[in-house]
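Colleague: Pasting a structure below so you can have a look.
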Amino acid sequence: MSLLNALLITATDTEAGKTVLTTALAAYLRTYCAHQTWGILKPIQTGKGDCELYSQLFALAPDAVTPLRFDAPLAPPLAAAKEGRRVDMEPVWQAFETMRQQYDGLLVEALGGLGSPITHETTVADLAWDWRLPTVLVVPVKLGAIGQAVANVALARQTRVHLKGIVLNCVQPCTEEDIENWASADLIQSLTRTPVLGVMPHLTDPTDLAQLAQVASNLALERLIPVPLGAMRV
């Protein structure tokens, strides 16, 4: 099984910018590729946040966006245990299959980082391989970013993830010097042999869809989203 028009958005850790990138890509696609329909899937959510945001911004039903939710903001196996439940991936897979039929393409936002547990036996990296999902890795621009990028690309290779590239995200206001010092794109590409597809600036309002679409247009979208090149606009 493979899904051509799909992209898994994962990261090196929590709070790295997966939701911002997912929202920016969705805003761009809705603005400039309106002839295609793209869904958003957050397979599992612990705590509150992402599926509610997607519901608000894109008028999507929360239960359709996120088929499996737990109250505690913990790793899913731990959050499930607190509720006397287990992580049942069957409804998650069914939601994925439904969206495959319903939309032309699908943005899938992972939880946590590439190595984050989904069950007691599997991680986000395993899900990327099992579902044959092309993947983009979000790396937050901060001290230690280069080492995190190297470690996560190594994990992606070990688990046979189809990693399309890296997007750097300014989780705090950054100067060009800060970006070069903390997350040098040239050094990351040299060490990982993986392309850096752009840098997302720090956004004071991550719900401004026009600004998000503009931010996405500055990324190397042709490497991320398999839409006709003629549809790509700035």
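Colleague: Name the helices (complete DSSP H segments) of the chain with a Cα length along the long axis of 15 Å or more and a Kyte-Doolittle mean of at least -0.5, or state none.
Modeller: Length and hydropathy pass: 18-32, 145-158.
Colleague: Of the heavy-atom accessible surface of the range 1-125 (probe 1.4 angstrom), what whole percent is carbon and sulfur?
Modeller: Carbon with sulfur: 50 percent of the solvent-accessible area.
Colleague: Determine the dipole magnitude for the range 94-189: charges of +1 sit on the beta-carbon of Lys and Arg, -1 on that of Asp and Glu, nothing else is charged, the reference point is the Cα centre, and the result goes in debye to the nearest 20.
Modeller: 320
Colleague: Take every Cα pair under 8 Å in the range 47-100 that's 6+ residues apart, average their separations, divide by the length, and report that relative contact order as a whole percent.
Modeller: 28
Colleague: Determine, from the Cβ-Cβ distance of residue 78 and residue 154 and an R0 of 25 Å, the FRET efficiency 1/(1 + (r/R0)^6), rounded to the nearest 0.05.
Modeller: Efficiency, rounded to the nearest 0.05: 0.45.
Colleague: Which whole-Hz couplings ³J(HN,Hα) result when phi for each residue of the range 162-170 is put into the Karplus expression 6.51 cos²θ - 1.76 cosθ + 1.60, θ = phi - 60°, listed in order with x for Gly and Pro?
Modeller: Using θ = phi - 60°, the values come out as 7, 8, 7, x, 10, 10, 8, 10, 7 Hz.
Colleague: Can you order the peptides 11-17, 88-94 by their average number of other Cβ atoms within 10 Å per residue, highest first?
Modeller: 11-17, 88-94
Colleague: Okay, moving on. Give me the extension gain from residue 180 to residue 205: residue separation times 0.36 nm, minus the current Cα-Cα distance, reported in nm with one decimal.
Modeller: 6.6 nm
Colleague: Separation of the range 65-108 and the range 113-159 by C-alpha centroid, Å?
Modeller: Between the Cα centres of the range 65-108 and the range 113-159 lies a distance of 18 Å.
Colleague: What does the net charge come to around residue 155 if you take all other residues with beta carbon closer than 14 Å to its beta carbon, with K and R at +1 and D and E at -1?
Modeller: Here the count lands on 0.
Colleague: Would you mind checking the radius of gyration and Dmax of the chain based on alpha-carbon positions, in Å?
Modeller: 16.7, 51
Colleague: Within the range 181-223, what whole-number % of the accessible surface is contributed by carbon and sulfur, with the 1.4 Å probe and all protein chains included in the calculation?
Modeller: 48
Colleague: Same structure again: Which far-off residues, 5 or more places away or on another chain, put their amide H under 5 Å from the one on residue 11, with H placed in the peptide plane?
Modeller: HN-HN under 5 Å from residue 11: 114, 138.
Colleague: Sticking with this one: So what is the relative contact order of the chain, in percent, for Cα pairs below 8 Å that sit 6 or more residues apart?
Modeller: With pairs under 8 Å counted, the relative contact order is 27 percent.
Colleague: Something else about it: Let me know the charge dipole size of the chain about its Cα centre in debye, to the nearest 20, where only the beta-carbon of Lys, Arg (+1) and Asp, Glu (-1) is charged.
Modeller: 460
Colleague: Also, quick follow-up: Separation between the residue 220 and residue 104 pseudo-spin-labels, each 7 Å from Cα along Cα→Cβ, expressed in nm?
Modeller: Each label point is offset 7 Å from its Cα along the Cβ direction, giving 2.4 nm.
Colleague: Please go through the range 141-201 and write out the trypsin sites (Lys or Arg not before Pro) that DSSP classes as loop and that have at most 12 other C-beta atoms within 10 Å.
Modeller: Those that pass, being in a loop and sparsely packed, are 160, 193.
Colleague: Sticking with this one: Counting only heavy atoms of protein chains, what accessible area per residue, in Å², does the chain have with a probe of 1.4 Å?
Modeller: That works out to 46 Å² for each residue.
Colleague: So, one more: Name the residue farthest towards the positive end of the dipole of the chain from the options 62, 95, 26, assuming +1 on Cβ of Lys and Arg, -1 on Cβ of Asp and Glu, about the Cα centre.
Modeller: Sorting the options by dipole projection puts first 95.
Colleague: A follow-up question, please. Check the chain for me: any Cys whose beta-carbon has no other cysteine beta-carbon within less than 4.7 Å?
Modeller: If one checks each Cβ against the other cysteines of the chain, 33, 51 turn up with nothing under 4.7 Å.
The values are calculated or read from the model by the stated rules, or taken from the named source; none is laboratory data. Predicted model, so just to flag it, every value in this text is computed and none were measured. Every residue, glycine among them, receives a Cβ derived from its backbone with ideal geometry; neighbour counts consider all protein chains shown. Surface accessibility is based on the protein's heavy atoms, side chains included, excluding ligands, DNA and RNA. Shrake-Rupley method; radii C 1.70, N 1.55, O 1.52, S 1.80 Å.
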